[in-house]
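Presented below is the structure to which this report refers.
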There are 2 protein chains.
Amino acid sequence: MGSVDHHQSVQQQRHQVEVPPPQPFFNSLKISFKETFFPDDPFRQFKNKPSSKKIMLAIQYFFPIFQWAPKYTFNFFKADLIAGITIASLAIPQGISYAKLANLPPILGLYSSFIPPLIYAMMGSSRDLAVGTVAVGSLLMGSMLSDVVNPNEDPRLYLHLAFTATLFAGIFEAALGFFRLGLIVDFLSHATIVGFMGGAATVVCLQQLKSILGLVHFTHGADIISVMRSVFTQTHESKKRPRFFWVSAMAPLTSVILGSLLVYFTHAERHGVEVIGELKKGLNPPSVSKLVFVSPYITTAVKTGIVVGIISLAEGIAVGRSFAMYKNYNIDGNKEMIAMGTMNIVGSFTSCYITTAVNYNAGCKTAASNIIMSIAVMLTLLFLTPLFHYTPLVVLSAIIVSAMLGLIDYEAAIHLWKIDKFDFVVCMSAYIGVVFASVEIGLVIAVAISVLRVLLFIARPRTFVLGNIANSGIYRNVEQYPNAKHVPGILILEIDAPIYFANAGYLRERITRWVDEEESRIKATGETSLQYVIMDMSGVGNIDTSGISMLEEVKKITERRELQLVLVNPGSEVMKKLNKSKFQNHLGERWIYLTVEEAVGACNFNLHERRNLKNDESEGWNNV
Amino acid sequence: MGSVDHHQSVQQQRHQVEVPPPQPFFNSLKISFKETFFPDDPFRQFKNKPSSKKIMLAIQYFFPIFQWAPKYTFNFFKADLIAGITIASLAIPQGISYAKLANLPPILGLYSSFIPPLIYAMMGSSRDLAVGTVAVGSLLMGSMLSDVVNPNEDPRLYLHLAFTATLFAGIFEAALGFFRLGLIVDFLSHATIVGFMGGAATVVCLQQLKSILGLVHFTHGADIISVMRSVFTQTHESKKRPRFFWVSAMAPLTSVILGSLLVYFTHAERHGVEVIGELKKGLNPPSVSKLVFVSPYITTAVKTGIVVGIISLAEGIAVGRSFAMYKNYNIDGNKEMIAMGTMNIVGSFTSCYITTAVNYNAGCKTAASNIIMSIAVMLTLLFLTPLFHYTPLVVLSAIIVSAMLGLIDYEAAIHLWKIDKFDFVVCMSAYIGVVFASVEIGLVIAVAISVLRVLLFIARPRTFVLGNIANSGIYRNVEQYPNAKHVPGILILEIDAPIYFANAGYLRERITRWVDEEESRIKATGETSLQYVIMDMSGVGNIDTSGISMLEEVKKITERRELQLVLVNPGSEVMKKLNKSKFQNHLGERWIYLTVEEAVGACNFNLHERRNLKNDESEGWNNV
């Protein structure tokens, strides 16, 4: 096949770039609204159902308990019973310890493990999560509230402020879910969370180290250290060998029992070993009347509520999603937020502080395990609180430290460094910010850097020169494919990002510079002079008015240099706007091609024709 | 050609997707740093030059006057002389008017048109810009400073605060330029500026209307109104017919002269017409000692400086760039910022307030026109200030209003509505924010919405189903190309944005939903069951660790449904990370193809083989 024939056939093969069928403005607005806020299409199941069925589905949607309870079996119950008791044995000592971390009375940890799990059991859609207090949320609340009220000087006000902050956290969480703004949580990246958790864990460990070291001095150090060591090793092993989960799950409770017995029999509390002391028997007292809505405390409560709420959500939803992924069911992030928000609102009325969904990895089958756990905590509150009288605080510290060490996920940090340096920077900024400044500052820095990365991606998009891959009509970036061959007389550029105001100026200058560089390279090598600039727009997802102006300017710049601008494969959004702004007409429809191959074919054909006209010979151009 | 043969040839044609050649970490860091902060490669000209030449080039780089002065000709001078005088005749009345807008003594407008243009003439790289005070900058400074100090009650402190704010504006501008952070200005989109300017102009017009209407009552209303009307019409016409530029350029000065004469002869000032009054003769007094660095004023000065500085930069650089575009020369945004910063720093030492580069469209040839203008202002300061004694304030108001009306660019707003609704929303938010709240709030809202759009683009990227365009190996989005044909048994998806933490969760669920929808569609129509999910990654410019996890999860999801995941054309960044994270190995290299055509060919080949094995017949699949 002669090259002229070939090019003529290329000319014939030309495919049209289409402007997508016009859509009424409100229709397209509706679609993009739906994709933004209802990407999971939660109302899919309601379609084409009779209205009685719809009401039933709606109740089941908001209260999944009506979905799984009727199908509940005895086998499920056996699994949930064991799981629930296991969780309770972990949640009770941890709850007491974390309440201390938030500078709150230890009994609050138990209260918070009683009411919120009941709410979540009704409203939550995850089968694997338990509800309880968490270290990072407790730490955050403690540090933010202590800035305003000293918990030792005014413990009553501090306590009431904690309830109020919990209320606002709940309202904020439920509102995010209700207004489908769950996507805000998406902006806390995995890297941010790894760094943030690690930093918080380091801070807590350093704090607790003081009280642990303080105690070694007074009592039978070896015993405590051996308890600690066993706790540490067990926790560590449990990460690798889930078979020993029971051992590690029981470790905190065992430490508490052993520690309490030790103190009880040695009367170490009289020799300076601090113990928990009296815990009030009885269930959660109401706390509605204790909420503080007066200035200046309300500002603190709102601020703390928002920060603690969003962090708790991020933690809870990340865990929930990974389980759902693993066990192949769907959870609706926004609905989970409503569930968690409700449980914190109710919690703030019943003497609880912030709780979230956590993974105890205890083999739950349904949310019923939360009910079992809740009953276990209830029994503890009613009958077993005296048992904690002699529990030494140092055991609580050891429990906290052992839980915290698991949060310092250095392996994840190494993984980030290997794969994506920028993610590593985000992670380390969060870590350093939390450790050296404060929890809030660490969070703000990490989120700011993450968002900055997204903005930088848009502000400085990558542009590539494309070359032809031998024996094909494929054109690819010469940086990735060093063997891709340059086409004489034609500069092919690819833009990899939407063209927005933030990059329009940069792109104009970068494209001009590509042309400059190409022309000076050609001058040096004496190749065919540049005639065409082809811009592959496949990767340009969208364009705004600044972007259109940029294209107009590039067109002027190329015209001034006697170059022809050619566009390839503008996507639907771009094509719509090129059409509306008349750029399509200014450029000429014949200069918009569907593929680079067709565009190059047409340019080569023209180059050839022109040269034929000039000197009636056809040599030196055998590239396609 | 039989279909089997055809598919075998497709199998043979397979091209490899390459991992880009590895680059040392610091090398790639250096490259991306350079692209981010030095995209215009300002040091290009220094390469391979002897060091004496380098010093000369560096001086010329920072002081372009050494570049153009030696080549200056008499012809240039003639053009610049006329341009300079024209600008002066505009700048003098406008300067006086704008100083009033900033609640500053009128003489400051003259001072500010004397020193800063001299600095800019030496350091600026634009040939077309003049330097002077601007309405929006004056308004902003006036409104922000008046919040803290009442200019009528404490005019001295207010004045000194204005100098201090100007100093900080200058420092901020120069620092932005020096640290190559000019890209911050890129985030003020054209739409933001249109809305912002329009809003500011509306506010100013409403303010001035009061004083104009107040006066009509006292004096020969018809005369003033006719002056105003002529000013209006001339300004308006000048936009369309630059031939009448001279008329409109002279209008403000003519109004001032006519107005002053009128007052002088009718002694209207004794009947309640406010006039400028005494203007001190003489050049700028030094103001270094007047700068205020004490709390709480310094906070206001810094804040005002930053806001006013960035707005002035955005205005100046936008004008400079559009001229450079139009006349085909380059200006270096960051260097311009250093020039404007320096001119404001020096200005703050010599009784000037904020200035920026403005376009008077007066036919300047070089920056020498700024020197001419500066000399004209100097002569005015030395000898002509008494002439302004009788200038009625209402004329100044008329000048301001006429300049302001030109800033309300409703045509641009209509253009935005037509092409890009979102840009229109940004523009209107800026407008409404400025008019109904405050200048700062309008600015913050508009920038926030613009940035939100960029973030939403990333958080909710579009995904498309691709189909085959008849008689070709081209696969395109079926939404844009309704005739593109679906390939039986294969779902082809395209992702149009980088895969980042902010969209990883969304994409996982969206892809799962595409698969669900496809499977239920197939169930309904009884087509070939789904076997392959091809993901075209051409538009995915980058991926982070969350994105990689997302791909791992999608792989698991497809495997669980017995579907094979196939990737097509991952770009260099993506390929690098797929390789580092071992995803490439997990998926199997044979499931990564260079083009959709090759991937579909291979899938069809396998589908065929499988079916042949099953029932030894080859019917019903004739798509490629």
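Where a number appears in this text, it was derived from the coordinates with a stated rule and is not lab data. Please read these numbers as outputs of a predicted model, since none were measured by experiment. Here the Cβ is made from the backbone with ideal geometry for all residues, glycine too, and neighbour counts use every protein chain on show.
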* Structure fact -> Fewest to most Cβ atoms within 10 Å: A:Lys290, B:Lys576 sort as A:Lys290, B:Lys576
* **Counting DSSP beta bridges with both ends in the protein assembly as shown, the antiparallel % (nearest 5)** => 45 percent
* Asked: Can you give me the Cα centroid spacing of the stretch A:529-544 and the stretch B:290-363 in angstrom?
  -> 34 Å
* Relative frequency of Cα-Cα separations exceeding 45 Å in the protein assembly as shown, percent -> 50 percent
* Any number yet on Rg/Rh for the stretch B:21-61, C-alpha, Kirkwood? -> 1.14
* Structure fact -> To the nearest 10 degrees, the tilt of helix B:501-525 (Cα long axis) against the first principal axis of the alpha carbons of chain B is 50 degrees
* **chain A - mean residue ellipticity at 222 nm from DSSP helices (-39,500 (n - 2.57) per run, n ≥ 4, rounded to 500)** => -20000 deg cm²/dmol
* Tell me the trypsin sites (Lys or Arg not before Pro) within the stretch A:535-571 that lie in a loop according to DSSP and have at most 14 other beta-carbon atoms within 10 Å. => A:Arg561
* Structure fact -> Taking every C-alpha to C-alpha distance in the stretch B:461-615 and binning by 10 Å from 0, the per-bin percentages run 11, 42, 37, 10, 1
* Structure fact -> In the stretch A:44-107, taking the dipole from +1 charges on Lys and Arg beta carbons and -1 charges on Asp and Glu beta carbons about the Cα centre, the listed residue (A:Leu90, A:Gln45, A:Ile107) farthest towards the positive end is A:Gln45
* Residues B:Val19, A:Val394 arranged by fewest to most Cβ contacts within 10 Å -> B:Val19, A:Val394
* Expressed as a whole number of Å, what is the distance separating the alpha-carbon centroids of the stretch B:125-152 and the stretch A:426-463? -> 34 Å
* **Angle in degrees between helix B:421-432 and the longest Cα principal axis of chain B, rounded to the nearest 10** => 30 degrees
* Check: the protein assembly as shown dipole with +1 on Lys, Arg Cβ and -1 on Asp, Glu Cβ, in debye -> 760 debye
* Asked: By how many degrees, between 0 and 90 and to the nearest 10, does the Cα long axis of helix A:333-349 differ from the longest principal axis of chain A?
  -> 30 degrees
* To the nearest 20 debye, what is the magnitude of the charge dipole of chain A about its Cα centre, counting +1 on the Cβ of each Lys and Arg and -1 on the Cβ of each Asp and Glu? -> 1580 debye
* **Closest approach to the A/B rotation axis among chain A Cβ atoms, residue and whole-Å value** => A:Gly539, 2
* **Dipole axis of chain B (+1 Lys, Arg; -1 Asp, Glu on Cβ), positive-most option in B:Leu405, B:Ile432, B:Ser126** => B:Ser126
* Whole-number D in µm² s⁻¹ for chain A, Kirkwood Cα-pair radius fed into Stokes-Einstein, 25 °C, 0.890 mPa s -> 85 µm²/s
* By per-residue mean of other Cβ atoms within 10 Å, what is the highest-first order of A:176-185, B:446-455? -> B:446-455, A:176-185
* Asked: Percent antiparallel among DSSP beta bridges with both residues in chain A, to the nearest 5?
  -> 45 percent
* Structure fact -> Working note, the stretch B:310-432: Cα radius of gyration (Å, one decimal) and Dmax (Å, whole number) are 18.2, 54
* Could you please rank B:Met144, B:Met56, placing first whichever residue has the fewest other Cβ atoms within 10 Å of its Cβ? => B:Met56, B:Met144
* To do: Please go through the residue pairs B:Lys335/B:Lys365; A:Lys49/B:Lys555; B:Lys485/B:Lys523; A:Lys49/A:Lys71 and name each one whose alpha carbons sit more than 27 Å apart in this structure.
  => A:Lys49/B:Lys555
* **Other protein chain Cβ atoms within 10 Å, averaged over every residue that makes up A:534-546** => 6
* Residue (of A:Ala58, A:Thr391, A:Gly282) at the positive-pole extreme of chain A, dipole from beta-carbon charges -> A:Gly282
* Asked: Over chain A, what relative contact order in percent results from Cα pairs under 8 Å that are six or more residues apart?
  -> 21 percent
* Cross-link partners of A:Lys280 among lysines (Cα-Cα below 26 Å; sequence separation of 8 or more within a chain) -> A:Lys100, A:Lys290
